[in-house]
Amino acid sequence: MNCDYRTVLSYGEKEIIINKSRFIGSSKMVKSEEEALEFIDMVKIKYKDATHNVYAYVIGENSNIQRFSDDGEPSGTAGIPILELIKKEDLRNTVIVSTRYFGGIKLGVGGLIRAYTQSGKAALEAGKIIDMTRFDELLVQIDYNSYGKIENYLLNEKHPIKEVTFDQDVNINLYIELKRKDTFIHDIMDFTSGNGVISEIRTLHLPMSEDRVFI
């Protein structure tokens, strides 16, 4: 993707009980429809004895792929509420499966919609919603005299550092959020009196939540 987007950090699973029915919500970040279908199949195999395995997913920068299944529940009571939850949270590349073990009490149309929405929310809570944010991976080469103040600067600014190596110069491999890149380059050149060397390695997405970067 060429933009920032919201999804879940990792595989998440959480069980809730509603009127004696067990609902197990599972969520995962996926990069393609094929990955979403593989995840759905995995959950179906894991809970092959369940009454229903309902799912929904949204794929693509513009949410151009949207799919859902009620898996035998009354039309509109299961897959669509989960799909609407994904869209309400503005998530991309996200799949949710809600597994139901029927407990003997019918929930009715409204009850099913509420139950599957709750199960979807539980799945997202377990997976942890994060922002996939674009960063540039950079290599910064500086002399030893500049390292102390630049190290403090990096810590204060909370730029995630991948690796630091010490040879003829100090080589700092790190990630810089795209919107902060110009300021970063200006500051490094200021600290090094224009003698720092900055090389761009690649652009990538990294997961962020409340200014914390997960690397």
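Annotation: average projected area of the stretch 146-196 is 3.4 square nanometres, based on the convex hull of Cα atoms across all directions.
Pick out, from 37, 76, 60, the residue whose Cα sits farthest towards the positive end of the charge dipole of the stretch 19-100, with +1 on the Cβ of Lys and Arg and -1 on the Cβ of Asp and Glu. Highest projection toward the positive end goes to 76. Measuring r between the beta carbons of residue 167 and residue 45 and using R0 = 45 Å, the FRET efficiency lands at 0.30.
For residue 213 and residue 151, the difference between the fully extended length at 0.36 nm per residue and the C-alpha to C-alpha distance is 20.5 nm.
Quick one: length gained pulling residue 1 to residue 182 fully straight, 0.36 nm per residue minus the C-alpha distance?
So the chain would gain 63.0 nm between residue 1 and residue 182.
Distance from the alpha carbon centroid of the stretch 166-201 to that of the stretch 55-86 works out to 44 angstrom. Per-residue extension of 0.36 nm, minus the Cα-Cα distance of residue 65 and residue 128, leaves a gain of 20.5 nm for this segment.
Take every Cα pair under 8 Å whose residues are at least 6 apart in sequence, average their separation, divide by the length of the chain, and the relative contact order is 24 percent. Relative to the dominant Cα principal axis of the chain, helix 108-127 is inclined by about 30°. Relative to the longest principal axis of the Cα atoms of the chain, the long axis of helix 33-46 lies at roughly 50 degrees. Quick one: in the stretch 117-215, what % of C-alpha pairs are over 18 Å apart? Counting every Cα pair in the stretch 117-215, those more than 18 Å apart make up 51 percent.
Helix 79-88 axis versus longest C-alpha principal axis of the chain: approximately 30°, rounded to the nearest ten. In the chain, helices alone account for a calculated mean residue ellipticity at 222 nm of -10500 deg cm²/dmol, with every DSSP H run of four or more residues adding -39,500 (n - 2.57). Be a star and scan the stretch 8-40 for residues whose amide nitrogen sits under 20 Å from the point 7 Å along the Cα-to-Cβ vector of residue 105. The answer is 15-25, whose backbone nitrogens lie closer than 20 Å to the label point. Couplings 3J(HN,Hα) for the stretch 96-105, derived from phi with the Karplus relation 6.51 cos²θ - 1.76 cosθ + 1.60 (θ = phi - 60°), are 10, 10, 10, 9, 10, 10, 5, x, x, 10 Hz, where x marks Gly and Pro. Note on the stretch 1-106: Kirkwood hydrodynamic radius from all Cα pairs is 14.0 Å, rounded to one decimal. At the listed q of 0.19, 0.22, 0.25 Å⁻¹, the Debye profile of the stretch 39-99, built from one uniform point per Cα, gives log10 I(q)/I(0) equal to -0.65, -0.83, -0.99. If you take all C-alpha pairs in the chain, what percent of them are over 28 Å apart? So the pairs more than 28 Å apart make up 44 percent of the total in the chain. If I build a Gaussian network model for the chain, linking alpha-carbon pairs within less than 10 angstrom, which residue out of 195, 156, 93 has the largest mean-square fluctuation? The residue with the greatest mean-square fluctuation here is 156.
The trypsin sites (Lys or Arg not before Pro) of the stretch 107-166 that meet both conditions, a loop assignment by DSSP and at most 16 other Cβ atoms within 10 Å of the site Cβ, are 128, 158.
Result for the chain in a Gaussian network model with C-alpha springs under 10 Å: among 176, 18, 185, the largest mean-square fluctuation is at 185. For the stretch 1-50, the relative contact order works out to 27 percent when only alpha carbon pairs closer than 8 Å and six or more residues apart are counted.
Only the coordinates and a few stated rules stand behind these numbers; no lab work does. All figures in this text were calculated on a predicted structure; none of them were measured in a lab. Here Cβ is always computed from backbone atoms with ideal geometry, including for glycine, and neighbour counts include all displayed protein chains.
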